[in-house]
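Reviewing the structure listed below.
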Amino acid sequence: MSLQTRPRLLNLAAVSLLRDEASAITALEYLPIELFPTLFMEAFRGSRSETLKAMVCAWPFVRLPLGGLMQKPHMGTLQAVLDGLDILLAQKKHSKRCKLRVLDLRNTGQDFWKMWSGSSVHVSSSSSMTPVAEVRSRTEQPLAPLEVFIELHFKESTTDDFIYLMRWVEQRKTSIHLCSTKLKITSISLENIMQVLGIVQLDYIQEVEVNCIWHLSTLAMFAPFLGQMSNIQRLHLSHIHGLAFEEEEEYYHVVQITSQFRKLYHLRDLYLETPSFLEGCLIQMLR
């Protein structure tokens, strides 16, 4: 059988299974691992929420790169997958088949889906099985919280699926870790930003870009969160303006900011578009 023929047969098998959704869900326990991604893609395209929910509980890979399928917000799919995670979290004894530890909602993972759909036929079958083998030793130990990776971009408008996800995570903080490697802020409001950052694993963040007008006092309020981003490597701050503060108050804000900067031991790239507020203390900050 050619490599190009095999994916077409998998697609046909997945479509055939989904004609009877109840039977498809029952068959998950015995389904060959190779058929899982294809069946998931077909269930996603057909908005088969019950199948998606059940597949999360039996997912035989460490990572589920859902964001690679959702080119735009898809509330129904997100709810189905999160419902599946709830079932998984409620299980006292997890299925031996399920290896899921990471739900990735970032716009990544396309290679995974292409590989299983046949678009990248150069990937060997042995490498495609690696995710299953990776966690066999881990499953014998107490399970750490599930990780949900997102693209953390604060804008003026917020989508319904983002709000839904934040509420869902906040109610499950002990069993779900919300993670992001990049933080981008183009919104002026800090209140909502601080609320979300309160449930994010800040030590996962490696890049921060603030591209909006902030006053010095706003940056001082944000600074304690910045200080917890212990693995940050790139920091970009633009449009930081001082107000008509008393000299003592301005000094207090600067001290708040620089004291947190000095905790960023892994920082390699620092860009300050308006660094005038650091006049006289830049050398001390960079020691």
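Kindly establish whether V200 is more than 22 Å from E273 (Cβ to Cβ), touching a residue at least 24 places away in the same chain (Cβ under 8 Å), hydrophobic (A, V, I, L, M, F, W, C) and out of contact with any Leu (no Cβ under 6 Å at 6 or more places or on another chain).
For V200, the condition - more than 22 Å from E273 (Cβ to Cβ), touching a residue at least 24 places away in the same chain (Cβ under 8 Å), hydrophobic (A, V, I, L, M, F, W, C) and out of contact with any Leu (no Cβ under 6 Å at 6 or more places or on another chain) - is not met.
Would you call G68 in the same structural domain as F112 (by TED's automatic domain parsing), of a type in the set (G, A, S) and touching a Phe, Trp or Tyr at 6+ places or on another chain (Cβ under 8 Å)?
In short, yes.
Residues are listed down the side, and each one gets a yes or a no for (1) modelled with pLDDT of 70 or more; (2) outside the structural domain of F36 (by TED's automatic domain parsing); (3) over 21 Å from L178 (Cα atoms):
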| site | (1), (2), (3) |
| --- | --- |
| Q91 | yes, no, no |
| R101 | yes, no, no |
| F112 | yes, no, yes |
| S119 | no, no, yes |
| S127 | no, no, yes |
| E134 | no, no, yes |
| E147 | yes, yes, no |
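Residue-by-condition table, conditions (1) surrounded by fewer than 18 Cβ atoms within 10 Å (Cβ to Cβ); (2) over 28 Å from H177 (Cα atoms); (3) hydrophobic (A, V, I, L, M, F, W, C); (4) modelled with pLDDT of 90 or more:
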| site | (1), (2), (3), (4) |
| --- | --- |
| R6 | yes, yes, no, no |
| A22 | yes, yes, yes, no |
| A27 | yes, yes, yes, no |
| T38 | no, no, no, no |
| K53 | no, no, no, yes |
| H74 | yes, no, no, no |
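Within region 236-252, does at least one residue satisfy the condition of being assigned to a helix (DSSP H, G or I) and of a type in the set (A, V, I, L, M, F, W, C)? Lay out the reasoning, then the answer.
So the first thing to find is which residues in region 236-252 are assigned to a helix (DSSP H, G or I), and the list is 247-252.
Subset that is of a type in the set (A, V, I, L, M, F, W, C): none.
There is no residue in region 236-252 that is assigned to a helix (DSSP H, G or I) and of a type in the set (A, V, I, L, M, F, W, C).
Just name the residue that is surrounded by the most Cβ atoms within 10 Å (Cβ to Cβ) out of those in region 253-285 that are of a type in the set (S, T, Y) and either farther than 19 Å from T218 by Cβ or at pLDDT 85 or above (or both).
Among those that are of a type in the set (S, T, Y) and either farther than 19 Å from T218 by Cβ or at pLDDT 85 or above (or both), it is T258.
Return the total of residues in region 151-161 being in contact (Cβ under 8 Å) with a residue 60 or more places away in the chain and within 14 Å of the chain's Cα centre (by Cα).
The total comes to 2.
Looking at L183, L219, which one is crowded, with 16+ Cβ neighbours inside 10 Å, at pLDDT 95 or above and either assigned to a helix (DSSP H, G or I) or not hydroxyl-bearing (S, T, Y) (or both)?
Of the residues listed, the single one that is crowded, with 16+ Cβ neighbours inside 10 Å, at pLDDT 95 or above and either assigned to a helix (DSSP H, G or I) or not hydroxyl-bearing (S, T, Y) (or both) is L183.
The values are calculated or read from the model by the stated rules, or taken from the named source; none is laboratory data. What you see is a predicted model, and the numbers here were worked out from it, not measured in a lab. Ideal geometry is used to build each Cβ from the backbone, glycine not excepted, and the neighbour counts take in all protein chains shown.
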